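Here is the structure we will look at, set down as C-alpha cells.
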Amino acid sequence: MEKIFTRPKSLKNAVFHYCPGCGHSIVHRLICEIIDELNIQDKTIGVPPPGCSVFAYYYFDVDMIECPHGRGGAVATGIKRAAPDSVVFTYQGDGDLAAIGTAETLHAANRGENITAVFINNAVYGMTGGQMAPTTMLGMKTTTSPYGRDPEFDGHPIKMSEIIGQVEGACYVERVAVNTPANIRRAKRALKKAFQNQLDGKGYSLVEILSPCPTNWKMSPVDSWKWVDDVMSKKFPLGTIKDTTGKTHAD
Amino acid sequence: MAKVLMTGNAAIAEAAIRAGCQCYFGYPITPQTELTEYMAANLSRRPGCTFIQAESEIAAINMVLGASVTGARAMTSSSSPGMSLKQEAISYMAASQLPAVIVNMSRGGPGLGSIAAAQSDYFQSTRGGGHGDYRTIVLAPSSVQELADETHTAFDLADKYSIPVILLGDGMLGQMMEPVEFKHEAPAVPPVRPGGLRGATGRPSRFIRSFTSNPAELEELNWSLYRRYQQIQEKETSCEKFMTDDAQLIVTAFGIAARIARGAITNARALGMKVGMFRPVTLWPFPKDQLKELSKTAKYFLDFEMNMGQMIDDVKLSLEGSGDVTFYGRPGGVIPTSSEVLRVITRLYYQKGLNG
C-alpha cells in the first residue's frame, strides 16, 4: 500500500500543546513540509518568540533560538549576517511583530535582511489570556478591551503587512489564512515562496497568517474559522501585498 | 608593533577587530560614538565581518545575541542611557549562556544626565543590570592601553565562561588620547566558537532557550550559573596595588578615578604621608580577598568614586568590618582634580591621627 501522507521529517514526533482549532499547529506543519521539500533542514535556524509558540522548539526539528519578545527581526539579522549560509526564519505573533517589535520588524525589512518572517495574526495576545492586540478588531471584546475595542481610545487594527509592503527592502509580502483547506494550500504556497526567496538571496519576505484562536475568541473552532472569513479578512484582506521577486503570484 | 596615539574609543574598536570580533552592532550615543564610527570605517571592510548601525540599542544588543548564537565573536557599545535599554537582552544572554562583549563608556545620570564622564553605572554593571539572578563579568580599565588589553581579555573570558562581559569605561577614557600598543594581529578569518547554532548538519538539532515552565528546571539552571559564577570568582579576579606595602591609608578607586587618585597619592607621598591605592580591574568578580589582605597592614580606607558611593558597598563587604572606610565622591559628570583628592586625603590623614 502506498503511503501518501506522513509526518514531515523536520516535525518532531511530539504532541502539540496548542488548543483545539488553533492555527499554530497547522502553520508549524506547513513550515516543516516546506523545509523538507526545499531540503534545508540541516541549515535552518528558527527564531521563535515568547507567547503560545514559545515551545516551537519542541516541534521543529531544526536549530532554534528563543528570543526576547519582539526582537526576532534583530536576532535573525545577527544570525543571518554571522552565518549567511544558514536559512533563518522568525515566527512572530501580532503582539510581537506589530507592537513590541515594530521597530525591529520594520528595520529588518528596510535593510532587506535576507530572512523569512512568519507573522501569526490572531487578533489577541494568546498566551497571556486574550488581551487586546494591535490587530484586535474594532468592537472586539478582550480582557483589556472589555467593552469592545474603541478606536477613539485604542486606535485601529494595524495593518503591518501593508506597512512593510511600503518598505523597499521587503521583496515579498503576502497575507494568507489557515481557516479552510483551500486557504491552507494558499498559505503553504506563500510560505514556500518566502523561503525560496531567501535561498535566492532576494531579501526580506513576510507572510502574515490570519490564524484562529477559538479559546480567546470564545468561539467553537468551526465558528472561529468562519469568523476569519466573515470578519477578520474584511479588515485584513488576503492576497499579495507586495512582490518584487519577478516570479508569478504565490497562488 | 610600535605605539600609536589613539582615543580610548578607537583603541577598543581596533583591539576588538584584532581579537577576532566578527560582528559589531552599534547605535550613536555620546561619548562612545567614535567607537561605532571606527567600526563602520574598519570592521565593515574586513572579509566575513559585519557592521550594522542598528535602529536602537535594543536592536543592536539583540543582533549581538543572534550573532553569538552562531558562535561568532560579537560586540556592541553604548553609554549609560543606552545600556539601560540593553539590559533585557543581556539577561537573556546570561540565561542562555551566550558570550558577548558589551562596552559602556559611561556618562552622568540618572535620566539623560550629561555627556560628561561619570561612574554611576557601577551598580547596574556589577549586579547583573537586568531582571533575574545573574552576573556579568565587569572589567574596568583605567588607561587607553588597558582599554585595548582588556578588550582582548573580555572576548576570551566571554568565550571561556559563555557569559556576557561588560567593559566599563567612561566618557573621559573614551575621548582622551594616549599611546597604545596592540599585542595581537587580527586573524585572517574570524574565529568561530564550537557549539554555535548554524544548522543541524551532521548532528541532531539543538535549541537555545531561557524559558521553562518547570520551576525545578529553572532552579537547576540558576544553580548551574551560580557554580560557574563561583569558578569565575575564584579564578578571574584582577587588581592593581599602588604603594600599598607600608600604607596606613589606602584609597580604593576604579577606572578613571584611579588615575586621578594616583596623582594625589604621588603628591601625598612627596609630603610624607603613607598612602597607597587599591584598584580593582575586575569589578565583578570583585577582588575581595586581595582587598581584605590589605587590612592586615592598613586600618583606614578612603573610597573615591565619581558617583554618590557605589563600589563602597563592595569595599565594605570585602573588609568585613576590618577597616575604617570613608567615602569621597563627585556625581553627575563632575571630574575632580588630583589636588582636590589630595586635600581629602590630607584631611583624613590628619583627622585619623596618622601623622604620628
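The values are calculated or read from the model by the stated rules, or taken from the named source; none is laboratory data. In this text the structure is predicted, and so the values were computed from the model without any measurement. Positions of Cβ are backbone-derived with ideal geometry, glycine not excepted, and every protein chain shown enters the neighbour counts. These accessible areas exclude ligands, DNA and RNA; they are computed on the full protein's heavy atoms, side chains included. Shrake-Rupley method; radii C 1.70, N 1.55, O 1.52, S 1.80 Å.
At the nearest 100 Å², what buried accessible area, both sides summed, do you get for B and A when the probe is 1.4 Å?
Its buried surface, counting both partners, is about 2600 Å².
Using a Gaussian network model of chain B with C-alpha springs under 10 Å, which one of B:163, B:256, B:58 is most mobile by mean-square fluctuation?
In the Gaussian network model the winner is B:58.
Can you give me the accessible area per residue for segment B:1-152, using a 1.4 Å probe, in Å²?
Per residue, segment B:1-152 has an accessible area of 27 Å².
Which of A:99, A:117, A:190 moves the most in a Gaussian network model of chain A with Cα springs under 10 Å?
A:99
Counting only other chains, what is the mean number of Cβ atoms within 10 angstrom of the Cβ of each residue in peptide A:40-47?
4
Computed FRET efficiency, Cβ-Cβ of residue B:1 and residue A:153, R0 60 Å: what is it to the nearest 0.05?
0.40
Going Cα to Cα from residue B:274, which lysines come in below 29 Å? Please leave out same-chain ones fewer than 8 positions away.
B:241, B:288, B:292, B:296, B:299, B:316, B:352
If I build a Gaussian network model for chain B, linking alpha-carbon pairs within less than 10 angstrom, which residue out of B:247, B:200, B:54 has the largest mean-square fluctuation?
Sorting by GNM fluctuation, first place goes to B:200.
What trypsin sites (Lys or Arg not before Pro) in segment B:35-138 are in a loop by DSSP, with at most 12 other Cβ atoms within 10 Å of the Cβ?
Answer by residue number: B:45.
Using 7 Å Cα-to-Cβ label points, what is the residue B:223/residue B:184 separation (nm, one decimal)?
Rounded to a tenth, the inter-label distance reads 3.6 nm.
Quick check on segment A:24-243: of the DSSP beta bridges with both residues there, what percent are antiparallel, nearest 5%? Display every interim value, and only then the final one.
Numbers: 7 of 31 bridges.
Approximately 25 percent, going by the DSSP bridge assignments.
For a bin width of 10 Å, list the pair-distance distribution of segment A:24-243 built from all Cα-Cα distances, rounded to whole %.
Percent of pairs per bin, in order: 9, 37, 38, 14, 2.
Of the DSSP beta bridges with both residues in the protein assembly as shown, give the percent that are antiparallel, rounding to the nearest 5.
The antiparallel proportion sits near 25 percent.
Could you please state how large a percent of the accessible area of the protein assembly as shown is carbon and sulfur, counting protein chains only and using a 1.4 Å probe? Walk me through the intermediate numbers first.
Numbers: 12610 of 23340 Å².
The computed percentage sits at 54.
Between their Cα atoms, which of A:12/A:188; A:9/A:80; A:12/A:159 are more than 30 Å away from each other?
Correct reply: A:12/A:159.
What lysines sit close enough to residue B:183 to cross-link, taking a C-alpha to C-alpha distance under 18 Å and skipping anything fewer than 8 places away on the same chain?
Partners found: B:3.
How big is the dipole moment of the protein assembly as shown about its Cα centre under a simple scheme where the beta carbon of each Lys and Arg is +1, that of each Asp and Glu is -1, and everything else is neutral? Debye, nearest 20, please.
With only Lys, Arg, Asp and Glu charged at Cβ, the dipole is about 520 debye.
Give me the residues in segment A:104-118 whose solvent-accessible area, probe 1.4 Å, is reduced by at least 20 Å² once all protein chains are included instead of the chain isolated.
Flagged in segment A:104-118: A:104, A:107, A:111.
By DSSP, what percent of the beta bridges with both residues in segment B:4-235 are antiparallel, rounded to the nearest 5?
Expressed as a percentage, antiparallel bridges in segment B:4-235 total about 25.
To the nearest 10 degrees, how steep is helix B:215-235 against the longest Cα principal axis of chain B, on a 0 to 90 scale?
The angle comes out near 50 degrees.
Can you list the residues in segment B:55-101 whose accessible area drops by at least 20 Å² when all protein chains are present, compared with the chain alone? Use a 1.4 Å probe, heavy atoms only.
So the qualifying set is B:55, B:58, B:62, B:63, B:65, B:66, B:69, B:70, B:88, B:92.
Compute the angle between helix B:255-270 and the longest alpha-carbon principal axis of chain B, please, reported from 0 to 90 degrees and rounded to the nearest 10.
With both axes taken from Cα atoms, the answer is about 20 degrees.
So how far apart, in nm, are the two label points at residue B:156 and residue B:297 if each is 7 Å from Cα heading toward Cβ?
According to this spin-label approximation, the distance is 2.8 nm.
In degrees, nearest 10, range 0 to 90: what is the angle between the Cα axis of helix B:144-161 and the longest Cα principal axis of chain B?
That works out to roughly 50 degrees.
Apply the Debye scattering formula to chain B, with a single equal point scatterer on each alpha-carbon and no solvent, then give log10 I(q)/I(0) at q = 0.07 Å⁻¹.
-0.30
Counting only heavy atoms of protein chains, what accessible area per residue, in Å², does segment A:1-119 have with a probe of 1.4 Å?
Dividing the accessible area of segment A:1-119 by its residue count gives 33 Å².
Specify the inter-centroid distance of segment B:125-160 and segment B:43-111, based on alpha-carbon positions, in whole Å.
Their Cα centres are 13 Å away from one another.
Determine the sum of side-chain charges near residue A:85: Lys and Arg each +1, Asp and Glu each -1, restricted to other residues whose C-beta is under 10 angstrom from that of residue A:85.
Surrounding charge for residue A:85 is +3.
Among the GluC sites (Glu not before Pro) within segment A:152-251, which fall in a DSSP loop and have no more than 10 other Cβ atoms within 10 Å of their own Cβ? Write down the numbers at each step before the final one.
Numbers: sites: A:152, A:162, A:168, A:174, A:208; in loops: A:168.
For GluC sites (Glu not before Pro) across segment A:152-251 that sit outside H, G, I, E and B with at most 10 neighbouring Cβ atoms in 10 Å, the list is empty.
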